[in-house]
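Peer 1: Below: one structure in structure tokens.
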Amino acid sequence: MALLSDPVTRRRFNVIGTQLVGAAVAAMLGVPIIGYLLSPLFHRREPVERFVADVGGLPLLEPTKYVVSFPREGWTVPEENAAVYVVRFQDHYRVLSNVCSHMQCPVRWEVALHQFLCPCHGGLYTIEGANAGGPPPKPLPEYVHRIENGRLYVTNRFTEDI
Ligand code: FES
């Protein structure tokens with residue numbers, strides 16, 4: 001018989017056993033890791049609102065920077081800080097992200113230019129976040145917000161996404 005003429009040696013048994021154990025360990029580790037890495041693609045958290053500041057006394061047309069902590073939608077840290085610029089206009093407010101739409105460098109308000117400037121490649125934005133020069137392809141993202149009794153609350157969603 002073929003089985004008797006090709007006996008499993010101890011060495012071959014050990015190799016096969018090691019391969020089976022290795023495959024089992026790889027599956028036990030790999031499936032959760034792959035699930036963890038892919039989960040943000042399928043799991044979008046509910047919008048979260050954070051208090052930013054009392055904004056009734058903000059000066060007109062002078063962007064003021066605040067830092068807000070939002071739950072992270074990625075893999076590692078549970079919270080991440082986001083810098084926002086709050087701009088008070090005559091009859092409304094805008095809450096702009098400080099993340100450049102070109103390559104995500106942080107922009108800053110330049111008083112002398114009366115524009116937002118991105119230091120990475122010279123991108124410029126108006127006080128309303130519209131493109132004013134340089135390579136950025138889109139305006140500054142604007143956060144969804146609400147004001148209640150002079151208190152500003154911002155949501156971790158952009159107006160262009162709703
Ligand atoms: Fe802002 Fe390039 S990253 S202009």
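Peer 1: Go through the range 76-118 and give me each residue that's within 13 Å of the ligand (Cβ to nearest atom), without any contact (Cβ under 8 Å) to a residue 60 or more places away in the chain and in a strand (DSSP E or B). Don't jump to the end; show me each part of the working.
Peer 2: Here is the first cut: in the range 76-118, the ones within 13 Å of the ligand (Cβ to nearest atom) are 97-108, 115-118.
Within this subset, residues satisfying the condition of being without any contact (Cβ under 8 Å) to a residue 60 or more places away in the chain are 98-108, 115-118.
Across the range 76-118, the qualifying residues are VAL99, PRO106, ARG108, GLN115, PHE116, LEU117.
Peer 1: Still on this structure, please answer the following. Report yes if some residue within the range 58-74 is open to solvent by 50 Å² or more (accessible area, probe 1.4 Å), basic (Lys, Arg), more than 16 Å from the ligand (Cβ to nearest atom) and assigned to a loop (DSSP other than H, G, I, E, B); otherwise report no.
Peer 2: Yes, the range 58-74 has at least one match.
Peer 1: Can you tell me how many residues within the range 127-138 are crowded, with 17+ Cβ neighbours inside 10 Å and away from the ligand (no atom under 11 Å from the Cβ)?
Peer 2: Result for the range 127-138: 3.
Peer 1: Where residues in the range 75-126 are within 13 Å of GLU142 (Cβ to Cβ) and of a type in the set (Phe, Trp, Tyr), which of them is most open to solvent (accessible area, probe 1.4 Å)?
Peer 2: Restricting to residues being within 13 Å of GLU142 (Cβ to Cβ) and of a type in the set (Phe, Trp, Tyr), the top hit is TYR93.
Peer 1: Could you check ASN156 against (1) more than 14 Å from the ligand (Cβ to nearest atom); (2) surrounded by fewer than 16 Cβ atoms within 10 Å (Cβ to Cβ) and say which number it fails?
Peer 2: (2)
The values are calculated or read from the model by the stated rules, or taken from the named source; none is laboratory data. From a predicted model like this one, the values you see are computed outputs, not experimental measurements. When we count neighbours, we look across all protein chains shown, and the Cβ atoms used for this are built from the backbone with ideal geometry, even at glycine. SASA here: full protein model, heavy atoms, side chains in, ligands and nucleic acids out. Shrake-Rupley method; radii C 1.70, N 1.55, O 1.52, S 1.80 Å.
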